[in-house]
Amino acid sequence: MANAVSGTATCVLALDQGTTSSRAILFDRDGLPLAVAQEEFPQHAREVAGPDGEDLAIVEHDPEDIWRTQLSCCRRVLADARLPATQVAAVGITNQRETTILWERATGRPVAPAIVWQSRVSAPICRRLEAAGSGPEVRRRTGLLLDPYFSATKIVYLLETVAGLRDRCTRGEILFGTVDTFLLWRLTGGRVHATDVTNASRTLLFDIHELAWSDELCRLFDVPREILPEVRPSSGFFGELDPALLGAALPVTGCAGDQEAAAFGQGIDEPGDAKTTYGTGAFLMFATGERLVVSNRGLLTTPACSTAPPGERPPPRYCLEGSVFVAGALVSWLRDGLGLFDQAADIEALASSADSSAGVVIVPALTGLGGPHWDPTARGLMIGLSRATTRGHIARAALEAIALSVAEVVDAMQADSGTPLTRLRVDGGATANDLLMQIQADVLDIPVERPAVRETTALGAALLAGLAVGFYADSAAVAPARRVERTFEPAIDPAARRRLLAAWADAIERSKRWAVPR
């Protein structure tokens, strides 16, 4: 159990481990950031031929890069703030979800590269399980779909391709974790193998009704139960840092997957509250309270962050989630793959140079389509080009693609829940793009609210950690951090909106099943 916060503590340290970079942020008692440190690390992408001849995209990280950059950021942010570790009340972790790491219990060394959530390498395993009739049972227990996105089929892929790995797992020599679990293991010097309910729920091995690992699902996927971490509430005591790392045995008292943490940071709690986080992808969370809503439109059902006083079982809270695999990654591809501009931020000025996309539509299915379509064989598409097409038209079509992807998920959420959305809260790096936010409000036809503090994912982790030790009295204590900086109101002509939506729907259908062998 976490100790009460020290009277000398002035801040909470949030570890925000993402797909392309690691960050560490110190938050004060008002939930405002004091200092930020960030380091990028490489992604390794390649394609291999699947058993049916299709190209399978593999996206990997070196787990040592994740650990090295995250620890470096922790040290740097304390140095930049000129604070000793003893002034940190607690540590919270938030992380890219579904990314799968297996490592040796005895040494902590990874046995293979981390398979990133974007990777589609386990698509044949998903098809095999679907053909065996496993899809409905997986859906019923987990609220998820049989898709390469999630951790279990990535584990199966490693068990089937790394020699001797299954035997080592059953002997208790190997541990599995999503990124939070791997970091917690390293931070505590190998003393704690644990995760929280939000990360566990993204593995396809966790029963969201029972809020526990499912022996039935472990048997279905043939994943050894011995490798799984202990599941704990998102806010509570996880362990203490090895004091050799930062100079103090700081308590780790918060843990949540990045999207659930962002929702907690934004105060998404009451049914009908919703947020979108724009990062590498775009991720929407739509609160349904204690009601577990099973989607009929390709959305996911996921537990929200669990909090309760020490010793009490947290009440279940749920959200509908929609995942757009490619958002900021589309901007990166236009920059790095096509050389359309030099810096990601340049896309706003380039897109603003055109009054419209002039009929150009981009479907950013660079790694397949997420919700509500869930088609791993879809591929990116750019259509409507003519001799009059300019770089500005393409840039504007890219921003429209991000906003239209989000709008499609919002429509599905409203239909599944039966609750209308009256506003959308937003966070993430791309919210700095005013044109994107305006396009988002236009295609949704509702206000879009951008907070003054956009680090809501890290804020959620800090709040979870601070609540557990009494640094924050309650979630209302961070009201200054939740203040709305700007509201974008819809301003588009209704007929123009309808044309955008119709062209998008047509283009989406054209992109599907493109990678199926012919």
In the list Leu217, Leu241, Leu250, which residue meets the criterion of being open to solvent by less than 20 Å² (accessible area, probe 1.4 Å) and out of contact with any Ser or Thr (no Cβ under 8 Å at 6 or more places or on another chain)? Leu250
Residues of segment 198-211 satisfying the condition of being open to solvent by 10 Å² or more (accessible area, probe 1.4 Å) and either within 13 Å of Leu228 (Cβ to Cβ) or part of a helix (DSSP H, G or I) (or both): Asp207
Could you go through segment 426-436 and let me know if any residue there is in contact (Cβ under 8 Å) with a residue 40 or more places away in the chain, buried (at least 24 other Cβ atoms within 10 Å of the Cβ), assigned to a strand (DSSP E or B) and on the phi > 0 side of the Ramachandran plot. no
Exactly one of these conditions fails for Gly371: (1) surrounded by fewer than 21 Cβ atoms within 10 Å (Cβ to Cβ); (2) closer than 22 Å to Gly298 by Cα; (3) touching a Gly at 6+ places or on another chain (Cβ under 9 Å). Give me its number. (1)
Residue, nearest to Ala378 (Cα to Cα), within segment 270-294, restricted to residues that are among the small types (Gly, Ala, Ser) and open to solvent by 10 Å² or more (accessible area, probe 1.4 Å): Gly279
Name the single residue, out of those in segment 217-255 being of a type in the set (Gly, Ala, Ser) and not in a helix (DSSP H, G or I), that is nearest to Asp207 (Cα to Cα). Ser234
Checked segment 20-58 for anything among the hydrophobic types (A, V, I, L, M, F, W, C), open to solvent by 60 Å² or more (accessible area, probe 1.4 Å) and farther than 30 Å from Phe471 by Cα; matches are Ala45, Ala49
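Residue-by-condition table, conditions (1) over 26 Å from Ile115 (Cβ atoms); (2) modelled with pLDDT under 95; (3) touching a strand residue (DSSP E or B) at 6+ places or on another chain (Cβ under 7 Å); (4) open to solvent by less than 10 Å² (accessible area, probe 1.4 Å):
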| site | (1), (2), (3), (4) |
| --- | --- |
| Glu60 | no, yes, yes, no |
| Ile66 | no, no, yes, yes |
| Gln70 | no, no, yes, yes |
| Cys73 | no, no, yes, yes |
| Val77 | yes, no, yes, yes |
| Asn95 | no, no, yes, yes |
| Ile101 | no, no, yes, yes |
Cβ-Cβ under 9 Å pairs, at least 6 apart or on other chains, segment 102-131 side under 19 Å from Thr170 (Cβ atoms), far side modelled with pLDDT under 95 and part of a loop (DSSP other than H, G, I, E, B): Leu102/Val162; Arg105/Gly172; Val111/Val162; Ala112/Val162
Strands (runs of 3 or more DSSP E) wholly inside segment 1-117 containing at least 1 residues that are more than 29 Å from Leu165 (Cα to Cα) and among the β-branched types (Val, Ile, Thr): 11-17, 21-27, 33-40, 88-95
I'd like to check something: does segment 402-421 contain any residue that is farther than 26 Å from Asn296 by Cα and either β-branched (Val, Ile, Thr) or part of a helix (DSSP H, G or I) (or both)? no
Within segment 457-481, the residues that are touching a helix residue (DSSP H, G or I) at 6+ places or on another chain (Cβ under 7 Å), of a type outside the set (A, V, I, L, M) and modelled with pLDDT of 90 or more are Thr457, Gly460, Tyr472
Which numbered condition in (1) under 30 Å from Glu54 (Cα atoms); (2) free of Cβ contacts under 8 Å to residues at least 12 places away in the same chain is the only one that Gly384 fails? (2)
When Gly384 is evaluated against the numbered criteria (1) open to solvent by less than 20 Å² (accessible area, probe 1.4 Å); (2) closer than 23 Å to Arg498 by Cβ; (3) over 25 Å from the mean Cα position of the chain (by Cα), which criterion, by number, is the only one it fails? (1)
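Quick grid of which residues meet (1) out of contact with any Pro (no Cβ under 6 Å at 6 or more places or on another chain); (2) open to solvent by less than 40 Å² (accessible area, probe 1.4 Å); (3) not β-branched (Val, Ile, Thr):
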residue: Gly460; (1), (2), (3): yes, yes, yes
residue: Val469; (1), (2), (3): yes, yes, no
residue: Ala496; (1), (2), (3): yes, yes, yes
residue: Glu509; (1), (2), (3): yes, no, yes
residue: Lys512; (1), (2), (3): yes, no, yes
Filter result for the condition that a residue is under 26 Å from Gln96 (Cα atoms) and basic (Lys, Arg), over Arg483, Arg499, Arg518, Arg510: Arg483
Quick check on this structure: which one of Ala462, Ala468 is under 19 Å from the mean Cα position of the chain (by Cα) and either part of a helix (DSSP H, G or I) or among the charged types (D, E, K, R) (or both)? Ala462
Those residues that are buried (at least 18 other Cβ atoms within 10 Å of the Cβ), in a loop (DSSP other than H, G, I, E, B) and small (Gly, Ala, Ser), I need them from segment 299-329; list them, please. Ala304, Ser306, Ala327
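The values are calculated or read from the model by the stated rules, or taken from the named source; none is laboratory data. These numbers come from a predicted model, not from an experiment. Virtual Cβ from ideal backbone geometry, glycine too; neighbours counted across all protein chains shown. Accessible surface areas use protein heavy atoms only, side chains included; no ligands, DNA or RNA. Shrake-Rupley method; radii C 1.70, N 1.55, O 1.52, S 1.80 Å.
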